[in-house]
Each structure stands twice: as C-alpha cells, then as structure tokens.
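The values are calculated or read from the model by the stated rules, or taken from the named source; none is laboratory data. These numbers were taken from a predicted model, which means no experiment stands behind them. Neighbour counts run over all protein chains shown; Cβ positions are idealised from the backbone, glycine included. Note: areas computed on protein heavy atoms with side chains; ligands, DNA, RNA excluded. Shrake-Rupley method; radii C 1.70, N 1.55, O 1.52, S 1.80 Å.
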Amino acid sequence: MSMISVVVHGLGNIGRHVIQALETAPDMQCLGLVRRAASLGTQRHDLRGLPDFADLDALIAARGKPDLAIVCGPSRNVPEDAARYLAAGLHTVDSFDIHDQVPGLVRELDLAARAGGRVAVTAAGWDPGTDSVLRALFEAMTPCGTTFTNFGRGRSMGHSVAARAVAGVADATSITIPMGGGRHSRLVYVLPEKGASQAAIRQALAEDPYFSQDPLDLRFVANREELAAVADNSHGVFMERIGASGLVSNQRLSFDMRIDNPALTAQVLVSCARAATRLAPGCYTLIDIPPVTMLPGERMGHIARLV
C-alpha cells in the first residue's frame, strides 16, 4: 500500500483532530504542521510528536514534499491558503463552510487546481459536506418534496471563529439552537476585551454574514472559566424530507446524528484527502466524489462488502 504524505495547515480545533485521525489512517503519514511563526514550539501535546514549521518551504527542506495539504484555518482564509498550496504543487482539502460562497470558491479553486494538474476538495466537513451528500440522495429518492436540515443544539466552530474575529472580542462561543423547519437561532457567549464597547460588539455580530440571517441572542461573560462551561464540542443534525417517488407521495426520509463537531469534521477531511489522490485534476465538493474513493483499500473489496 502506497502512503499518502500530508501536511496539516493550522492547529486549531480541527487541526488537532486531523492529526489524530491521520494517526489511525493505514495509508497516510503526516510530515508535519505549518502554522504561524509566533506559535512554533507551543502546544506540544496537540502536535503529538510532529514537527511544526512556519511555512511549506521549511517543511519540505526538513521532511520532503508532501502529496497533499489539509487546510484547517478559518473559512475566510481558505481561498488564499488553498490557492497557495495548489500553486506549490500539492492537492488540497478544506472545510470551508460559508454556504453561499461555495460555488464561487469551487470555480476559483478549479482553475488553480487544473493549472497545476492537482485536485482541490472544498467544503469537506459534515455541513457542508456529508450532509450535502445526504440531501442529494434524498432528492434522488424523492425528487418532488422539501428537505429540512435542523442543526444542533450544539457549538458551531465556524460561527465561534467568526465571533472571535469581531473587534473587542477576547473569546467567544456560538451555540446553534434548532427552531424546526430548517430554521435556527444563535446563542453567542462573548468574553469582551477590557474596555471594549458591548454595544459595538453587539452591532458587529448582528451585521456579520454568519449571524445576520438568524435570530441572535448575545450574552456577555465575565471570565474564561464561565465561557469554558458552555464551550463543549457537542453538535448534531436532524434532516428530514417528505416527498414523492414517481407518482407516489408521502415518502418520509430522515437522518439523525449526535457528534463531537471537530472530530467528525477532521475525519471527513482525512477521508477526502484519500479521495483527492484518486480523482482527475479540478475542484470538487463531496456531492461530486464517489464515496468508495474515500475508503482505504480496493474498490472491489468494498463493493463485495457494502453493496
């Protein structure tokens, strides 16, 4: 079995779990981590014995050139980060999660990937990601109907990162609360920086694209201990569709999961990294990728076992 060599970009919640997921992958090896120069040498427990580097060139000089980069930074940094790794001749996988911007990013990364004969897999988490696949299958099974995707209750990593990026916010956690019918509210706990204007923080969050479309409940906390008490990684989704198959109505489909958010996101990224090495050049989302390419081992063995 040939090994896929990987560099991990970023050591946040997802990056830490990607490193762990790579340890369990029988066909992958992690050469190291690329992170901010100011962070080098910190979080040794999370690095799990891997070396860290300030840039890709330094990693290549020490460990050789990897096949693929798993980009684990904030979604707003993904377009630039993924393009940089593609230009360096690596496949890329990321968990970009700003839904309405995914089509534009696919077009952008498709050009960059094809130019270098590489593969980019974007929006590779669980939503967007594996939930996207289920929505596509639900529509294939019942073409006429309505699908509702209900998230939570749980901590949203993307929304939490967006809240922490607001001026005056020292730390924050965003909880997604399902309201039914695919609607959600956002409960955001914010630890403000000393002297920061709570009114300004409230306005900035309300206007941010991550929060502007949903009811927002903003609560300020006094210290990190209070914030830590609500910042667990649990999340989940309940997806349901009622539709018609041919001329027969009232077909009811549902999917329910309760998960550790960053751990599942990381596992999807690692599985998509495997798929990226088996696809033709270009940019893909999960609905474009045959599921069998995400599994280790040979295709016919999976057909015999799963079909």
Can you list the residues of the stretch 158-194 with backbone N under 18 Å from a point 7 Å past the Cα of A200, pointing along Cα to Cβ? 163-172, 190-194
Between S212 and E226, what length comes free when the chain is fully extended (0.36 nm per residue of separation minus the Cα-Cα distance, one decimal in nm)? 2.5 nm
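Keeping the other protein chains in place, figure out the carbon and sulfur percent of the accessible area of the chain, with a 1.4 Å probe.
Roughly 54 percent, rounded to a whole number.
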Tell me which DSSP H helices of the chain clear both cut-offs, 24 Å or more of axial length from alpha-carbon atoms and a mean Kyte-Doolittle hydropathy of at least 0.0. none
What is the Å³ per residue value for the convex hull set by the Cα atoms of the stretch 30-78? 88
Zero-based 10 Å bins, Cα pair distances in the stretch 42-199, whole percents: 9, 27, 32, 24, 8, 1
Within the stretch 207-223, which residues have the backbone N less than 15 Å from the label spot 7 Å out from Q43 along Cα→beta-carbon, could you tell me? none
In Å², rounded to a whole number, the accessible area per residue of the stretch 1-102 with probe 1.4 Å is 44
Stokes-Einstein, Kirkwood over Cα pairs, the chain, 25 °C, 0.890 mPa s; D in µm²/s equals 119
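Only bridges whose two residues both fall in the chain count here: according to DSSP, what percent of them are antiparallel, nearest 5? Mind showing how you got there, number by number?
Working: 32 of 59 bridges.
Taking every DSSP beta bridge with both residues in the chain, the antiparallel ones total about 55 percent.
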CD proxy at 222 nm, helix term only [per DSSP H run n ≥ 4: -39500 (n - 2.57); per residue of the chain; nearest 500]: -10500 deg cm²/dmol
Using a 1.4 Å probe, what is the accessible area per residue for the stretch 193-307, in Å²? 58
For every other residue with a beta carbon closer than 15 angstrom to the beta carbon of R278, add +1 if it is Lys or Arg and -1 if Asp or Glu, then tell me the sum. -1
